[in-house]
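Read the structure below first, then the notes.
The values are calculated or read from the model by the stated rules, or taken from the named source; none is laboratory data. These figures come from a predicted structure and were not determined experimentally. Every residue, glycine as well, gets a Cβ built from its backbone with ideal geometry; the counts of neighbours run over all protein chains shown. The protein model used for the area step is the full one, side chains on, heavy atoms only, and it has no ligands, DNA or RNA in it. Shrake-Rupley method; radii C 1.70, N 1.55, O 1.52, S 1.80 Å.
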Amino acid sequence: MKIREIFDKKTVFSFEVFPPKKTSSVDVIYRTLDELHDLKPDFISVTFGAGGSSNNTFACDVASRIKENGITPMIHLPCINYTKEEISSTLDEIKSRGIENILALRGDRNPDIEPKMDFPHASDLITYIKSKGDFDIAGACYPECHPDADSLVDDIINLKKKVESGASHLISQLFFDNSAFYEFREKTAIAGIGVPIEAGIMPVVNKNQIERMVTTCGASLPRKFVRIMQKYENNPKALRDAGIAYAVNQIVDLVASGVDGIHLYTMNNAYVAKKISEAVSGIIGV
Ligand code: FAD
């Protein structure tokens, strides 16, 4: 099923998973997937390494497993470190497995890899994917601005090019302050971007995640969020429960404000996804 069609019917509720490292057992992610399937998300997306990664073959396997279990899969496809030939053969693989949905991405630049530059921007990749088959293509967006962009205005102008290239819906970077998302949504509407935008929600449930959020994620951290993280950072169970409650709060407010969809960054944690799904099932209609 093409994901764009689901937005016409309901508030979309989706999950994101990442393939296992080559050294870990595929069975672990398959067990997680089986638990996630029981929660009946509208689709599950699978991340894909931006280059030099050893786990990309698993990404297609994981997406196939999702499809076999009766859930619509979406595969991420970053382009900055791949040649046109490599992207072409990956698209052939995706098509041969009957996967119809692709999140087209530029990918982060890796200082150790010289970018291939066949596709400098996600919009270039989208144009190419469209020429290769009948895929439904999504793009990424950044409520608090992509770090490479000079300004949010420039970033939104570039986002519009991405939509004009053929992105039928967008998935946002994670954020912890809903007002940042609402302001972004208003600006995209003024810019004439009319496709559905799913809100990316990351439940922060362990100390490693807090450290990553503070140092690398670029999302603004509201005082309420910082207070919760500081209070519970050394109490794993309390932190997990507080992180779940914070995410649920964000989702309730977003749905009440008419969001097109919620994309949950599950971090392959089925327990957390289950708790959140149960808490919002009535309001989101799963
Ligand atoms: P682009 O849309 O190309 O934008 C990148 C920068 O270039 C922006 O500053 C933009 O303003 C500018 N730009 C865009 N188009 C133009 C243009 N035509 N002219 C001039 N400037 C332009 N990375 C992975 O490697 N694997 C994943 O699986 C993955 N999954 C992700 C999922 C989500 C939901 C999100 C939000 C991000 C994900 N990423 C993933 C990270 C993503 O690859 C990085 O954020 C990357 O730096 C930008 O990718 P993009 O597709 O948004 O790039």
**Request:** Scan segment 18-34 for residues that are surrounded by fewer than 18 Cβ atoms within 10 Å (Cβ to Cβ) and under 16 Å from Pro73 (Cβ atoms) and jot them down.
**Result:** Val26, Tyr30, Asp34
**Message:** For segment 150-161, give me the residue count where each residue is near the ligand (Cβ under 8 Å from one of its atoms), open to solvent by less than 30 Å² (accessible area, probe 1.4 Å) and not acidic (Asp, Glu).
**Reply:** 1
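Looking at segment 25-42, can you tell me whether even one residue there is under 21 Å from Asp134 (Cβ atoms) and either modelled with pLDDT under 95 or not basic (Lys, Arg) (or both)?
Among the residues of segment 25-42, at least one is under 21 Å from Asp134 (Cβ atoms) and either modelled with pLDDT under 95 or not basic (Lys, Arg) (or both), which makes the answer yes.
Are there helices (runs of 4 or more DSSP H) fully within segment 41-138 with at least 1 residues that are of a type outside the set (Phe, Trp, Tyr), within 9 Å of the ligand (Cβ to nearest atom) and surrounded by 18 or more Cβ atoms within 10 Å (Cβ to Cβ)? List them. Explain how you work it out, then say what you get.
On the way: elements: 56-68, 84-96, 122-132.
Those helices (runs of 4 or more DSSP H) span 56-68, 122-132.
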